Amino acid sequence: MSDNNYMTFNRILVPFDNSELSYKAVDQAIELATEELTQIFILYVINEIPLPIHFSKIEQKKDIVVISPLANQVYNEVKQEMIPILDNLKKGNNKSNIVVATEIRIGDPAEIIVDFAKHEKIDLIVMGSIGHKGFAGMFRRLGSVARKVAEEVTSPVFIVR
C-alpha cells in the first residue's frame, strides 16, 4: 500500500530509442513503479522512411497493403536489431512488482506515442529530452516530438535529462 501523499502510477509508458537518455528514462520508470504489479510499456518507434517516388511503391493485393520492398527490408533490419535490446531491458528489469512489456511500431513517433498512451490508458509517460540513434532514431527532432506528446496526451509527461 502506498501513502496517499504520493501519486501512484500503474501503467507507465517509456518511449525508447536506444540512446543513453532513453535508458535513464527506463530506470526512472522503474523507480516510479511503486504499486503492486505496475505495468511498464517500453515502446520503440521506427520512424517512417521518406523514399523517392521511384522507390515508394505501395500496392494493394488481396486487401493487404504492400509497401516498397526496400522500406520493408530496412524496417525488418531495424526491428531485428532492436528485439534483443528490448528483450534484455525486459529481463533486466524483471522485478516482483513490475510487469515490463515491449512493443515495436512503425510510423510518426509523436503520433504513435500519443495513440499508444490513449489506447493503453497510460498513467505516466517517461521520456528522454534528447536522443538520436542513426537515421531510425525516434527522437531526431525530439523537441517537436516531446512537445507534441505533452500537448496531446492527458497523462503527465516526465522528461528525463
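Structure notes:
- Of all residues in the stretch 93-115, those that are touching a strand residue (DSSP E or B) at 6+ places or on another chain (Cβ under 6 Å), modelled with pLDDT of 95 or more and closer than 15 Å to GLU152 by Cα total 2.
- Listed by first and then second residue, the pairs with beta-carbon distance under 6 Å, at least 6 apart or on different chains, first residue in the stretch 38-49 and under 28 Å from LYS95 (Cβ atoms), second among the basic types (Lys, Arg), are GLN39/ARG11; VAL45/ARG105.
- LYS90 being of a type outside the set (Val, Ile, Thr), out of contact with any Cys (no Cβ under 7 Å at 6 or more places or on another chain), surrounded by fewer than 21 Cβ atoms within 10 Å (Cβ to Cβ) and at pLDDT 85 or above: yes
- Qualifying residue in the stretch 94-102 (condition: loosely packed, with under 15 Cβ neighbours inside 10 Å, closer than 13 Å to LEU43 by Cα and not acidic (Asp, Glu)): yes
The values are calculated or read from the model by the stated rules, or taken from the named source; none is laboratory data. Keep in mind that this is a model prediction, so the values were computed, not measured. No Cβ is skipped: glycine too gets one built from the backbone with ideal geometry, and neighbour counts run over all protein chains shown.
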